[in-house]
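The values are calculated or read from the model by the stated rules, or taken from the named source; none is laboratory data. Quick caveat: nothing in here was measured; it's all calculated off a predicted structure. Here the Cβ is made from the backbone with ideal geometry for all residues, glycine too, and neighbour counts use every protein chain on show. What goes into the accessible areas is simple: the full protein's heavy atoms, side chains included, and nothing from ligands, DNA or RNA. Shrake-Rupley method; radii C 1.70, N 1.55, O 1.52, S 1.80 Å.
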Amino acid sequence: MSASIRLKSLTRDFDVSKPWLNRVIERLPRATLRAVDDVSLEIPENSVYALVGESGSGKSTIGRIVAGLVPASSGVVEVNGIDIVSTGAEQAAEARRNLQMIFQDPYASLNPRWKVRDIIAEPVAIRGVATDGLAERLLEQVGLSAADAGKFPHEFSGGQRQRICIARALASHPRIIICDEPTSALDVSVQSQVLNLMSDLREEMGLTYLFISHDLTVVQHMADRIGVLYLGALVEEAPRDRLFAEPKHPYTQMLFAAAPRMDAFGREVEPPKGEIPDAINPPPGCHYHPRCPLATDLCRSVVPETRRIGATRVRCHHAE
Ligand SMILES: Nc1ncnc2c1ncn2[C@@H]1O[C@H](COP(=O)(O)OP(=O)(O)O)[C@@H](O)[C@H]1O
Ligand SMILES: [Mg+2]
């Protein structure tokens, strides 16, 4: 069976109005925040799609919508060709069986009172399927030992806990894994080990990843395709090598410049420029124009369409 994801014009608004009484007294209108803004993308089977962008750009919301933890406001979310937004609950649940999510914080996502064996086997046990030896096998697969099954989460380091989360995610034989900043809470020295494990598992098992990160350097070795989000909108998308060789959107270029680089004195150079604007009242035209060195009157008034330039899709009036 194919294991793919397709998003079409996905949009999610959050009502961020003050409570009714405040609105009446302070004469405030309702306020809406567009966390995901008309996002379309495709993740073919057995590939890694990385979504990158600064904090608040809508990465987690997209991941949570695909995982079914948050409803979409509009648009299409297809998992294995089934539109899980408009289909019946039963069919959507069936499609989502192929899909698991790994979260950022391996401390918060493991129940401290449960033994590792039960944590890992739960997604399978819940369906009434026998789980003998399952946790032990999976622990070895993620680089831990079978004997760890009898321990509790507090006996493990952050990196080991994330391995346990990965083992749990694999227990139900998913075809697609959504990884929301899976290594951001880990020490830098441990990050690459966990990333390597995830790469190896993908190859062994032919998995499809939606990999969410705020850090382009983290996705550099994993991703086949990279989408760059800004204020909920996909501003650029390209095959990994294309994006790294020739970032076309000024925001992508800024992200590359902002990736920690040291000068000869060991100081960081070129920190990110400017603040992310208020998502409740985004600037008119291209949302990036207040931070953009190329901004013109056109950018200040007209929202750019997505254009194709070679293998890149980019939403910028001046990209070429
Ligand atoms: N439940 C919610 N209610 C209101 N606003 C939300 C909610 N969840 C997310 N947001 C807002 O949506 C935007 C995108 O958030 P998020 O998807 O978490 O971004 P990221 O993962 O890229 O940091 C942010 O402005 C955030 O404050
Ligand atoms: Mg997030």
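Details
- Remark: the chain carries 49 Å² of accessible area per residue (probe radius 1.4 Å; ligands, DNA and RNA excluded).
- When the Cα atoms of the chain are aligned to their principal axes, the ranges along those axes come out at 65, 57, 42 Å in descending order.
- Taking Lys and Arg as +1 and Asp and Glu as -1, the other residues whose beta-carbon sits under 9 Å from that of Cys286 total +2.
- Once Rg and the Kirkwood radius are both taken over the C-alpha atoms of the range 152-237, their ratio Rg/Rh works out to 0.98.
- Farthest towards the positive end of the charge dipole of the range 66-156, among the residues Ile126, Ser74, Ala147, is the Cα of Ala147, using unit charges on the Cβ of Lys, Arg, Asp and Glu.
- Equivalent ellipsoid semi-axes - Cα gyration tensor, the range 3-95, angstrom: 31, 16, 9
- Environment charge at Ala146 (Cβ cut-off 9 Å; Lys +1, Arg +1, Asp -1, Glu -1): -2
- When the convex hull of its Cα atoms is projected in every direction, mean area for the range 48-149 (nm²): 8.7 nm²
- Set of aspartates and glutamates with alpha-carbon distance to Lys115 below 14 Å, sequence-local pairs under 8 removed: Glu136, Asp148, Glu155
- For the range 37-124, with +1 on Lys and Arg beta carbons and -1 on Asp and Glu, the positive-most of Ser109, Thr61, Ala89 along the dipole: Ser109
- GNM result for the chain, Cα springs below 10 Å: residue of Lys59, Lys115, Lys248 fluctuating most strongly: Lys115
- Portion, in percent, of the accessible area of the chain that falls on carbon or sulfur, probe 1.4 Å: 51 percent
- In this Cβ point-charge picture (+1 for Lys and Arg, -1 for Asp and Glu), the chain has a dipole of about 580 debye about its Cα centre.
- Whole-angstrom gap from the range 161-227 to the range 284-320, using each part's C-alpha centre: 31 Å
- Amide H contacts of Val70 (H built 1.01 Å from N, under 5 Å, at least 5 apart or other chain): Ile65
- For Gln100, net neighbour charge (Lys/Arg +1, Asp/Glu -1) across residues whose Cβ lies under 10 Å away: +4
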